[in-house]
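Reading through the structure tokens given below for one structure.
The values are calculated or read from the model by the stated rules, or taken from the named source; none is laboratory data. These figures come from a predicted structure and were not determined experimentally. FYI the Cβ positions are ideal-geometry reconstructions off the backbone, even for glycines, and counts take in every protein chain you see. The protein model used for the area step is the full one, side chains on, heavy atoms only, and it has no ligands, DNA or RNA in it. Shrake-Rupley method; radii C 1.70, N 1.55, O 1.52, S 1.80 Å.
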Amino acid sequence: MQKFIETTGENRDAAIAAALKQLGLDRDDVSVEVLDNGKKGFLGIGATPARVRVTYEVPDEPVKAPEPVHTPVEKAEKPAKPRHADKPAPAPKAEKPQKLSITDEDDTPRLVKAAPADFVPEKLEIERPPRRERPRRERGGRRERRPREDRPITPSVPKERELIPVSEECMKKAETLATDFITGLLEKMGVEGQVKTLPQVECDQLRLEISGPDMGPIIGRRGDTLDAIQYLGSLVLNNALDEHVRLSVNTENYREKRAESLERLARKMAMKVVKSHRSMTLEPMNPYERRIIHAALQDFNGVTTYSTGTEPGRRVVIAPDNSYRTRS
């Protein structure tokens, strides 16, 4: 089930940030519709705030089925004995078929019974609204094609993550658990490699590096195997520790090379979008790679980015920024 909230801010990005902060969700978890871009005004006079509508998914509430009410069945009456045996009983009068109304407003649930053979339903007349005719414009005997309306595009703004410091004791325990787990995983895969800890950069992140003669099987196709190892290691840490520790697994500087490749791809596709004025959809990416695309094009003039689809096939769309064209 979908729900939405409306928030305001000094500009469109501020209104989106306010909604995400209120819901406690990430940018990729919601859909945003820009209702009003707002106006700055002159010297603060006549300024209006930007207004957006943020739609998010919530679990559907279970619907309880009404319990059927059993109606008592009347006992069949026994036929009355005739008063005089010599006089025949009068024949019963033929009754007209009873019309059953189908517009009864009684909503009490009952057991469904078979309709009698002489059932004649009432005719229910429903007033239908008149059909709305679309206006047609003709020029030279042909129908003129209407200009396509530009749909509002919701930009994606990378959300700043809140850092929660992890104690030194917990970080040491996490280092031991993650190193032992990944070392055992390499042995099961039959890959020769060593796991070492890199210097800590952020207060809640544990950085590990795998080194060996052949790291191709560890990286996999576009880093799929490396991402899977990092994901499994994160599950082990989160189940064993009381504090949340983020795990980063790298090998042969692959993460940095992949980020540079994605930034080059983002700028290349953005230039094509500016020239052709048409949106372009990239291949499916994980949340980490999608954030790289959003961040790389955040200040790129003439384009905006947003995500579409569901995991694991969620993609980044690079679209023309109509508001920028209007300002210029």
Nearest-0.05 FRET efficiency for Glu57 and Lys272, computed from C-beta distance (R0 35 Å): 0.60
Placing each pseudo-label 7 Å from Cα in the direction of the beta carbon, Thr176 and Tyr231 end up separated by a distance in nanometres of 2.9 nm
Surpassing 30 Å at the alpha-carbon level, of the pairs Lys188/Lys257; Lys39/Lys275; Lys188/Lys268; Lys3/Lys39, are Lys188/Lys268
What full-extension length gain, to one decimal in nm, is calculated for Gln200 and Leu25 as 0.36 nm per residue of separation minus the Cα-Cα distance? 60.3 nm
Qualifying trypsin sites (Lys or Arg not before Pro) for segment 228-328 [loop in DSSP, other Cβ within 10 Å: at most 13]: Arg278
Rg (one decimal) and Dmax (whole number) from the Cα set of segment 178-277, in Å, equal 16.5, 52
Carbon/sulfur accessible area of segment 171-252, % of total, 1.4 Å probe, equals 50 percent
Express in nm, to one decimal, how much length is gained between Gln2 and Lys40 on full extension, taking 0.36 nm for each residue of separation and deducting their alpha carbon distance. 10.4 nm
Rg and Dmax of segment 251-328 over Cα atoms: what are they, in angstrom? 13.0, 46
